[in-house]
1. Looking at the chain, do any whole DSSP H helices span at least 24 angstrom along their long axis by alpha carbon and average 0.5 or above on Kyte-Doolittle, and which?
2. Could you tell me how far the Cα centroid of segment 64-136 sits from the Cα centroid of segment 30-44, in Å?
3. With unit charges on the beta carbon (Lys/Arg positive, Asp/Glu negative), name the residue among Phe45, Leu72, Ile197 whose Cα is farthest towards the positive pole of the charge dipole of segment 2-199.
4. Would you please name the trypsin sites (Lys or Arg not before Pro) within segment 132-201 that are DSSP coil residues with at most 15 other C-beta atoms within 10 Å of their C-beta?
5. Could you name the lysines whose alpha carbon sits less than 26 Å from that of Lys97, not counting residues in the same chain fewer than 8 places away?
6. Roughly how big is the chain's charge dipole about its Cα centre, with Cβ charges of +1 (Lys, Arg) and -1 (Asp, Glu), in debye to the nearest 20?
7. GNM on the chain, C-alpha springs below 10 Å: top fluctuator among Leu129, Leu118, Leu71?
8. Determine one quarter of the surface area of the Cα convex hull of the chain, which equals its mean projected area, and express it in nm² to one decimal.
Amino acid sequence: MNRYIHARLPVFTFISIIFVLGICFGAIAVKTVEYELRQDIFFYFNSFLEGFQEIEYEEKSLLADSMKFNLLNIFVIWSFGLSMILMPLIIVLVFFKGFLLGFTVGFLVSEFSFKGILMALAAVFPQNLIIIPIYILSSVMAIYLSIEIFKYYRGKSAIKLEDLAIYTVEMAILAGILLLASLVETYLSPLLLRLLIAFVL
């Protein structure tokens, strides 16, 4: 186990840095958005909050969409890990994920101050506490395998069918855990946001 972690630690460190950079750039990008566009987003979001208590949505449909989206992300990362050519796109995906998170939280805090922090804690963070670690771990596994495949073609490493099977099983386990994030996103986050609107906002 120690050898397993040690071998992947450099990739984990690199991916974590890329993700944090994405968050930082996303937060900075909020300040670069034109004032009129920020106002449009602000008024749209305010209207959404005002009518959120009355919104009726099909939970099963929302859950299914969330599951499909999360599983698609894992599948894309898994498939990119099997290709040396597509592997750099994993880095782009991780950066973009961090960027979206940083922009979302940055916008809420910028426009709503302390209330924005509360909204982020209620609607953004619960599911992302599961999604982000899984996203980073799956990216690390995919990039590590891609590097090993590259070494194999250069005659510096050996790749067995067993390695690919283990990689696939690991990804399947992460995908199963990721489904919990869909449950949180569908049932817990809307509940927390409704309570926040009712008693705080």
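Where a number appears in this text, it was derived from the coordinates with a stated rule and is not lab data. These numbers come from a predicted model, not from an experiment. Virtual Cβ from ideal backbone geometry, glycine too; neighbours counted across all protein chains shown.
1. 2-32, 59-81, 87-123, 125-153, 161-183
2. Distance between centres, Cα-based: 22 Å.
3. My answer, from the dipole projection, is Leu72.
4. Passing both the DSSP loop test and the Cβ count: Arg154, Lys156, Lys160.
5. Of all the lysines, those that pass the test against Lys97 - Cα under 26 Å, at least 8 places apart if same chain - are Lys31, Lys60, Lys68, Lys115.
6. So the dipole magnitude of the chain works out to roughly 980 debye.
7. Ranking Leu129, Leu118, Leu71 by mean-square fluctuation puts Leu129 first.
8. The number I arrive at for the chain is 13.0 nm².
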